[in-house]
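Visitor: Here's a structure for you.
Every number here is computed from the coordinates shown, using simple stated rules; none is lab data. In this text, all values refer to a predicted model and were calculated from it rather than measured experimentally. Here the Cβ positions follow ideal geometry from the backbone for every residue, glycine too, while neighbour counts run over all protein chains shown.
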């Protein structure tokens, strides 16, 4: 357990020292969302209609920018060997990496998204559901991202490759999250959509680290 | 440092490597390699570049699984309990595993904390204060790193980075040191300090396995092994099957 927390503490400390890495991901999120009102012109109804999809697709794309720092640097500087020798099973190592990634990427997005919703004229009753879908969805993004990053350790153009592997896997998250926010805007029940998101998260927490651990084992050989 | 210290490692155990065969990327490296290291012993891995020295170290560390054969600690195969084996091993690879954004001291402390070697009762805010980790203080003093402790690793030279990585190994308190070309980039004073550290470690009952080209003095009674002397013969059907 202490090694698990030490890995998270190490990654958080590195993220704080190399603050630009995190800031760039979040800045990308903000800048891309801010371009939609400018590009679509003064059409508040259209903006409100596409707001959930814009926020979610942009958050997924921004997250793709952050995956290459999960294992790439550690693999290049020998740190991955040391992590593997921490005595922590590789799957738990992957889970620790996912936790640190979510704390530095998913959590800040959770805070930023409602503010960006204002610029997209998101329906007032949808803000709570937007935050709820992000709270359930972004941990899955981090978990799947760790699987993708573990698979491409040592590969060329790893950042693009991770996006190509992970984005299709996240389609269910996108569908249920956007339909939940749409349902809230239309005044319908959001329970089913949120339950599906929760079910995906509940399945991903044990399964994604196992897959990532197996991929890391291959990467060490 | 040569005060007769009590044995650091109360239950001495023997490391045995039995008939291991390894292929990397589908290409055979060596087969039927066996060796043993006693408590307090040292083994030098010699031989030409590409001979498999690093591969032997990675197998003994448990990072690489052999196709056949096994590595055992005190008679128990390490693959049965990788977590316990990881606690015994301090591994210094080709790369120094330093993070440029952290200082030399933080790098060593973070690595020791992840390996479960940090002193207990230490909160994140207390780390980085000198005197917290006595073993690390001694290792930094031995390798003349005290002046560099608060510099970011990005500012250090290659030899200085190597010394920080060695300080991590020396301070780890692990009985088995696996050193892959430990002297790369080191000046003569640092090589002498490393030799002193190895002598102390062996006196306390620890083991050292080092892959090295230069005449690094591992102390009396060190054995030598060349993985290149264990070529892969395709007649060995068991190994060929494992490779396929």
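Visitor: Considering only the protein assembly as shown, what is the antiparallel percent among its DSSP beta bridges, to the nearest 5?
Guide: The answer is about 50 percent antiparallel.
Visitor: Right, something else. Mind checking the mean number of beta-carbon atoms from other chains within 10 Å of the Cβ atoms in A:13-26?
Guide: Mean number of neighbouring Cβ atoms from other chains: 2.
Visitor: Moving on to the next point. With a ≥ b ≥ c the root eigenvalues of the C-alpha gyration tensor of segment B:132-202, is it rounded (a/c under 1.5), prolate (a/b larger than b/c) or oblate?
Guide: Because a/c hits 1.5 or more and a/b fails to exceed b/c, segment B:132-202 counts as oblate.
Visitor: In percent, what relative contact order does segment A:2-220 have, based on Cα pairs under 8 Å that are 6 or more apart in sequence?
Guide: Dividing the mean separation by the residue count of segment A:2-220 yields 28 percent.
Visitor: Once you have a ≥ b ≥ c as the square roots of the Cα gyration tensor eigenvalues for segment B:43-104, tell me rounded if a/c is under 1.5, and otherwise prolate or oblate according to whether a/b is larger than b/c.
Guide: Here segment B:43-104 falls in the oblate category.
Visitor: Sticking with this structure for a sec: Calculate how steeply helix A:2-17 sits against the longest principal axis of the alpha-carbon atoms of chain A, using the helix alpha-carbon long axis, and give the answer as 0 to 90 degrees to the nearest 10.
Guide: The angle comes out near 60 degrees.
Visitor: Follow-up. How do A:192, B:71, B:208 line up, fewest other C-beta atoms within 10 Å first?
Guide: Ranking A:192, B:71, B:208 by Cβ neighbours within 10 Å, fewest first, gives A:192, B:71, B:208.
Visitor: Other chains near B:61-69: what is the mean number of their Cβ atoms within 10 Å of each residue's Cβ?
Guide: Mean number of neighbouring Cβ atoms from other chains: 2.
Visitor: Suppose R0 equals 22 Å; then what is the FRET efficiency for residue B:157 and residue B:196 from their Cβ-Cβ distance, rounded to the nearest 0.05?
Guide: So, using R0 = 22 Å, E works out to roughly 0.50.
Visitor: Further question: What percent antiparallel are the DSSP beta bridges of segment B:15-243, to the nearest 5?
Guide: For segment B:15-243, the DSSP antiparallel bridge percentage is about 50.
Visitor: Then there is this: Obtain the nm distance between the two label points defined at residue B:187 and residue A:111 by a simple spin-label model: each point lies 7 Å from its Cα along the Cα-to-C-beta direction.
Guide: Placing both labels 7 Å along Cα→Cβ, they lie 4.6 nm apart.
Visitor: Give, in nm to one decimal, the length gained when the segment between residue B:83 and residue B:224 is fully stretched (0.36 nm per residue of separation minus the Cα-Cα distance).
Guide: Extra length from residue B:83 to residue B:224 when fully extended: 47.9 nm.
Visitor: Work out how much length residue A:76 to residue A:218 would gain on full extension: take 0.36 nm times their residue separation and subtract the Cα-Cα distance, in nm to one decimal.
Guide: 49.6 nm
Visitor: Let me ask something else. Tell me, how many Å apart are the Cα centres for segment A:1-62 and for segment B:167-238?
Guide: 47 Å
Visitor: What shape does the protein assembly as shown have by the C-alpha gyration tensor, where a ≥ b ≥ c are the square roots of the eigenvalues, rounded means a/c under 1.5, and otherwise prolate means a/b greater than b/c and oblate the rest?
Guide: Taking the square roots of the gyration eigenvalues as a ≥ b ≥ c, the protein assembly as shown is prolate.
Visitor: Name the most mobile residue of A:162, A:140, A:32, meaning the one with the largest mean-square fluctuation, in a Gaussian network model of chain A with Cα contacts below 10 Å.
Guide: Its mean-square fluctuation being the largest, the pick is A:32.
Visitor: Return the FRET efficiency for the residue pair residue B:27, residue B:146: r is the Cβ-Cβ distance, R0 is 35 Å, and the value is rounded to the nearest 0.05.
Guide: The value I calculate is 0.20.
Visitor: With labels modelled as points extended 7 Å from the Cα through the Cβ direction, what inter-label distance (nm, one decimal) is found for residue A:203 paired with residue B:76?
Guide: 3.8 nm
Visitor: Also, quick follow-up: Assuming R0 = 22 Å, what is the FRET efficiency of residue A:189 and residue A:46, from their Cβ-Cβ distance, to the nearest 0.05?
Guide: That gives a FRET efficiency of 0.30.
Visitor: Averaged over its residues, how many other protein chain Cβ atoms are within 10 Å of peptide A:83-93's Cβ atoms?
Guide: Mean partner-chain Cβ count within 10 Å for A:83-93: 5.
Visitor: Here is a follow-up. Counting helices only, and only those DSSP H runs with n ≥ 4, report the 222 nm mean residue ellipticity of the protein assembly as shown as the sum of -39,500 (n - 2.57) divided by its residues, in deg cm²/dmol to the nearest 500.
Guide: For the protein assembly as shown, the value works out to -17500 deg cm²/dmol.
Visitor: If contacts are Cα pairs under 8 angstrom and at least 6 residues apart, what is the relative contact order of segment B:15-243 in percent?
Guide: 32 percent
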